[in-house]
Amino acid sequence: MGLLARFARQWVAGETREDALRVAKAANGRGIDAIVNHLGEHLRDTGAVEATLGEYFALLDGLDEAGVRGCVSAKPTQFGILIGREYAFSQLLQLLDAVKARRRALWIDMEGTSTTEDTIWIYERLFERYNRVGLCVQANLRRTAEDLGHLLALGARIRLTKGAYRETPDLAFTSRQAIDRQFLVHLEALFRGGRDFAVGSHDGRMIARAIELSSAWPTPFEFQFLQGVREPLKADLVSRGYRVLEYVPYGPNWLPYFSRRLRERPRNAIIMLRSLVTD
Ligand SMILES: Cc1cc2nc3c(=O)[nH]c(=O)nc-3n(C[C@H](O)[C@H](O)[C@H](O)COP(=O)(O)OP(=O)(O)OC[C@H]3O[C@@H](n4cnc5c(N)ncnc54)[C@H](O)[C@@H]3O)c2cc1C
């Protein structure tokens, strides 16, 4: 586990809040704002959810004290959506109030399809109260075209991603080509009708298309990347004047997040195995 944890550090700031603040501050030094996430998911116990909320309050204090530029991102299953959507809403509303008081932004991550409907339900209620709350949508889901139409009509803030969760073909496009096609369609919808949205992809083709679209439809938007991925590209975009943010996850529960990163890029698993053998 020690070696695994060391390898995971490429994508995870570390286990403590101090680790996250240090990595976020370093990103700021490279012209990149941070999106900090306390790792944890699938909580079914109200005590654990409330501890997560407490950690986010401390994180917001830490961001202010350290003078970090950036925002926070939260997963609905960290905030009790599996206990009930009203309960999760009540917890996320407390987080939203704290974020709003500090004039920062809040992003709501999107997880597996069993939570999509309730996540959108919660998001809409949060968005009514603060327009700097954004929602991740996943291009691999068949429902996303319809969801996006509805969310854009509300003026929602969107982070477009390809989607990190394995889904069945009745609910999701599963081939790389089909997902890429969907991403490009939704990207164009964002440039035509979106507000202050985020392009959440490491894929050079998606990024190049976003740049192309931004000259046809000049509108404020940002590129969002994960920590530890495509550093030269981030630097290049910053130097060209684009707004770039980096998702900085931290906490002891890093394994599910780390497994998704390995799965989406098999080369990462090979590099990890090599480093374990040669260590
Ligand atoms: C800020 C952010 C937030 C996210 N939030 C969510 C969320 O809430 N819910 C969710 O389901 N998913 C989320 N994701 C993950 C997302 O859905 C994808 O699983 C993940 O980003 C991989 O897809 P991709 O678009 O980066 O491209 P991929 O299809 O994985 O990669 C395409 C191409 O990008 C290039 N590339 C990718 N990685 C590297 C690398 N390390 N080095 C060099 N080239 C590389 C390669 O050319 C590769 O072929 C988030 C992603 C980001 C960036």
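Values in this text are rule-based calculations from the coordinates and carry no lab data. Fair warning: this is a prediction, and the values are worked out from it, not measured in the lab. Note that we place each Cβ from the backbone using ideal geometry, even for glycine, and neighbour counts take in every protein chain shown.
When DSSP beta bridges are restricted to pairs lying wholly in the range 2-278, around 5% turn out antiparallel. Between residue 175 and residue 143, full extension at 0.36 nm per residue minus the direct alpha carbon distance yields a gain of 9.9 nm. Across the range 68-174, Cα-Cα distances exceeding 23 Å account for 24% of all pairs. Between the range 79-114 and the range 127-143, the C-alpha centres lie 12 angstrom from each other.
When the chain is treated as a Gaussian network with alpha carbon springs shorter than 10 Å, the biggest mean-square fluctuation among 229, 244, 72 belongs to 229. For the range 192-213, backbone nitrogen atoms closer than 17 Å to the point 7 Å from residue 230 Cα along Cα-to-C-beta are found at 197-213. Shown here for the range 193-279: trypsin sites (Lys or Arg not before Pro) in loop regions (DSSP other than H, G, I, E, B) with at most 13 other Cβ atoms within 10 Å, namely 240. If you run the Gaussian network model on the chain, springs between alpha carbon atoms under 10 Å, then out of 164, 101, 13 the most flexible one is 101. Helices meeting the span-like rule in the chain (full DSSP H runs, Cα extent of at least 24 Å along the helix axis, mean Kyte-Doolittle score of 0.0 or higher): 46-66.
Calculation over all alpha carbon pairs of the range 1-153 in 10 angstrom steps from 0 returns a P(r) of 11, 38, 36, 15, 1 percent.
Which of rounded, prolate, oblate describes the range 1-59, given a ≥ b ≥ c as roots of the alpha-carbon gyration tensor eigenvalues and a/c under 1.5 marking rounded, otherwise prolate only if a/b is larger than b/c?
oblate
The alpha carbons of the range 2-278 stretch over 48, 45, 40 Å along the principal axes, in descending order. Scattering from the C-alpha atoms of the range 172-214 alone, worked out with Debye: what is log10 I(q)/I(0) at q = 0.25, 0.26, 0.31 1/Å? Computed log10 I(q)/I(0) values: -0.91, -0.97, -1.21.
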